């Protein structure tokens with residue numbers, strides 16, 4: 001006898017009431033399932049909402065890489081995020097994450113490097129102008145968050161880029177790690193460390209002194225080769241002080257290495273220790 005026949009027979013034998021009872025149970029189960037799906041979809045819809053941040057401030061940085069003279073520079077920040085996809089501007093660097101993950105990130109990046117001219121040091125200012133660079137590349141990284149308090153995290157990023165304009169036409173590889181922790185409900189503290197490798201084209205453009213530049217400036221001739229260009233550390237303190245408003249305080253110190261440190265524009269005229277400090281205010285919604 002088919003399954004359908006068994007059901008029909010039971011109904012004819014007076015088991016219809018039990019069948020109705022099971023039907024009610026299934027309806028309750030279905031209601032619970034629909035409610036659960038509804039809650040999940042509601043949470044998903046909430047997670048899919050766009051989040052934005054815009055901010056601006058001022059910083060103080062060397063007026064050229066290797067300089068001992070500092071100048072004020074504008075600080076800009078902005079971010080648009082949805083489901084872990086994001087586009088973010090920090091200073092002169094624009095990044096876009098294309099990996100929808102809480103832990104991993106990767107995507108394209110573009111960094112702008114100002115031209116070297118009109119600097120305070122007369123000898124370095126006499127060198128040929130180094131044009132601005134547009135460094136196009138990619139980055140990848142991860143962040144591991146504490147399961148009980150996600151404000152605690154550790155992470156690292158690797159990025160590779162090449163100048164696609166008329167600046168230095170070289171390659172750069174950067175590696176940076178950071179650790180973040182809360183100081184209170186309002187304050188978040190982050191510190192990091194990293195370094196940068198540069199190829200021959202980059203090093204030659206910014207740190208070599210050929211015969212023409214030596215004649216222009218009076219600096220000794222020097223040939224810079226590829227290698228580890230710098231290492232350093234950085235600190236950041238974020239303060240959420242009112243609603244969506246926050247303030248960030250930034251500081252970093254880098255040490256030029258190898259031929260970058262030995263170049264006449266650094267060793268004779270500047271400093272191998274490069275500092276930075278700044279503050280900005282942002283609004284998030």
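The values are calculated or read from the model by the stated rules, or taken from the named source; none is laboratory data. Because the structure is a prediction, the values reported are computed rather than measured. Cβ: placed from backbone, ideal geometry, glycine included. Neighbour counts: every protein chain shown.
Couple of notes before you dig in:
- Candidate set: the range 186-213, residues that are part of a loop (DSSP other than H, G, I, E, B) and touching a strand residue (DSSP E or B) at 6+ places or on another chain (Cβ under 8 Å); chosen: the one farthest from residue 274 (Cα to Cα): 186
- Pairs meeting the criteria (first residue in the range 86-110 and under 19 Å from residue 177 (Cα atoms) and in the same structural domain as residue 136 (by TED's automatic domain parsing), second residue at pLDDT 95 or above and assigned to a loop (DSSP other than H, G, I, E, B), beta carbons under 6 Å, at least 6 apart or on different chains) are 105/99; 106/99; 107/98.
- Residues in the range 146-179 that are in a strand (DSSP E or B), over 12 Å from the mean Cα position of the chain (by Cα) and surrounded by fewer than 19 Cβ atoms within 10 Å (Cβ to Cβ): 153, 154, 160, 162, 171, 173, 179.
- Output for the range 212-247, where each listed residue is farther than 30 Å from residue 193 by Cα, out of contact with any helix residue (DSSP H, G or I) (no Cβ under 9 Å at 6 or more places or on another chain) and surrounded by 18 or more Cβ atoms within 10 Å (Cβ to Cβ): 213
- With respect to the stated conditions, residue 127 fails to be surrounded by 15 or more Cβ atoms within 10 Å (Cβ to Cβ), within 25 Å of residue 99 (Cα to Cα), modelled with pLDDT of 95 or more and in contact with a helix residue (DSSP H, G or I) (Cβ under 7 Å, 6 or more places away or on another chain).
- Scope the range 253-281; condition outside any helix (DSSP H, G or I), in contact with a strand residue (DSSP E or B) (Cβ under 8 Å, 6 or more places away or on another chain) and surrounded by 19 or more Cβ atoms within 10 Å (Cβ to Cβ); matching residues: 254, 256, 263, 270, 274, 278, 280
- Taking the numbered list (1) at pLDDT 50 or above; (2) more than 20 Å from residue 282 (Cβ to Cβ) in turn, residue 49 passes all entries but (2).
- Residue within the range 81-91 that is touching a strand residue (DSSP E or B) at 6+ places or on another chain (Cβ under 6 Å), at pLDDT below 95 and either surrounded by fewer than 17 Cβ atoms within 10 Å (Cβ to Cβ) or part of a loop (DSSP other than H, G, I, E, B) (or both) present: yes
- Flag if residue 101 is assigned to a loop (DSSP other than H, G, I, E, B) and closer than 21 Å to residue 229 by Cα: no
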